[in-house]
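**Q** If you scroll down you'll find the structure; I have some questions about it.
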């Protein structure tokens, strides 16, 4: 029961901020002869009032899936002509699985219904490079006086973004916010995900225990990579 609740919470977080359309309103999406195995691989954005969002899925050819806009991942599997499932790894031993029925499918649109949610997915052109390149970098120090620092990062659309923070102080971490809302649930030191909609993102460096910061402070080095 607890695992199902965790999966539902994660899925609802993935959908947060999105206006999830009712299938009956999507009359312009029709069923084709395309097989799900052929259509699913790629990046899909959850439609919100006809617009792309930073929430969705990256279905890889090898059967793995990434939750776009988050650092969560799992596996996907077609289990019928009009049904597929996503299994989410929760720790080293727990696997959470959710099945989705496909109401209609074309090469670039997918109307999907789960147990508690229904939404329209739109395919996004996506290409991933072989190597990572540094997009931005920041070095600084947090002290008792300056216990938080904010930076602006210009992130391109439809790219794999990785952010790494290095510091000898284990309490230092960062939060990432897109123009439409948070991309990280909690402060982290490492984050990697497909970003569907780019723009000016906010990167906030902070300490989980500001009271332990000294007058000399704690140094940090943050790198933003694009692939």
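The values are calculated or read from the model by the stated rules, or taken from the named source; none is laboratory data. It should be emphasised that the depicted structure is a prediction, and the values quoted were computed from it without experimental measurement. Please note: Cβ atoms are built from the backbone with ideal geometry, for glycine as well, and neighbour counts cover all protein chains shown.
**Q** How many of the residues making up the stretch 148-161 are surrounded by 16 or more Cβ atoms within 10 Å (Cβ to Cβ) and not in a strand (DSSP E or B)?
**A** 1
**Q** Within the stretch 173-189, can you find the residues that are assigned to a loop (DSSP other than H, G, I, E, B) and exposed (fewer than 15 other Cβ atoms within 10 Å of the Cβ)?
**A** The initial filter retains those residues of the stretch 173-189 that are assigned to a loop (DSSP other than H, G, I, E, B), namely 179-180, 183-187, 189.
179, 185, 186 - these are the residues of the stretch 173-189 that are assigned to a loop (DSSP other than H, G, I, E, B) and exposed (fewer than 15 other Cβ atoms within 10 Å of the Cβ).
**Q** Say whether the condition of being modelled with pLDDT of 95 or more, within 30 Å of residue 45 (Cβ to Cβ) and either in a strand (DSSP E or B) or in contact with a helix residue (DSSP H, G or I) (Cβ under 7 Å, 6 or more places away or on another chain) (or both) is met by at least one residue in the stretch 207-218.
**A** no
**Q** Going by what's in this entry, would residue 135 be described as in contact with a strand residue (DSSP E or B) (Cβ under 6 Å, 6 or more places away or on another chain) and within 18 Å of residue 192 (Cα to Cα)? Give the steps one after another, and end with the answer.
**A** Numbers: in contact with a strand residue (DSSP E or B) (Cβ under 6 Å, 6 or more places away or on another chain): yes; within 18 Å of residue 192 (Cα to Cα): yes.
So residue 135 fits the description; yes.
**Q** I'm checking my understanding of the structure. Among residues of the stretch 67-113 that are at pLDDT 85 or above and assigned to a loop (DSSP other than H, G, I, E, B), which one is surrounded by the most Cβ atoms within 10 Å (Cβ to Cβ)?
**A** Residue satisfying both the conditions and the ranking: 69.
**Q** While we're looking at this one, here's another question. Residue 199 is checked against (1) closer than 27 Å to residue 51 by Cβ; (2) touching a residue at least 60 places away in the same chain (Cβ under 8 Å) and fails just one. What number does that condition carry?
**A** Among (1) closer than 27 Å to residue 51 by Cβ; (2) touching a residue at least 60 places away in the same chain (Cβ under 8 Å), the lone unmet condition for residue 199 is (2).
**Q** Here are 147, 136, 192: which of them is touching a residue at least 24 places away in the same chain (Cβ under 8 Å) and in contact with a helix residue (DSSP H, G or I) (Cβ under 7 Å, 6 or more places away or on another chain)? Even if it seems obvious, please write down each step before you answer.
**A** On the way: 136 fails: in contact with a helix residue (DSSP H, G or I) (Cβ under 7 Å, 6 or more places away or on another chain); 192 fails: in contact with a helix residue (DSSP H, G or I) (Cβ under 7 Å, 6 or more places away or on another chain).
From the options 147, 136, 192, the qualifying one is 147.
**Q** Let me ask something else about it. Just checking, does the stretch 162-172 include any residue being modelled with pLDDT under 95 and in a loop (DSSP other than H, G, I, E, B)?
**A** Within the stretch 162-172, the subset modelled with pLDDT under 95 is none.
No, the conditions are met nowhere in the stretch 162-172.
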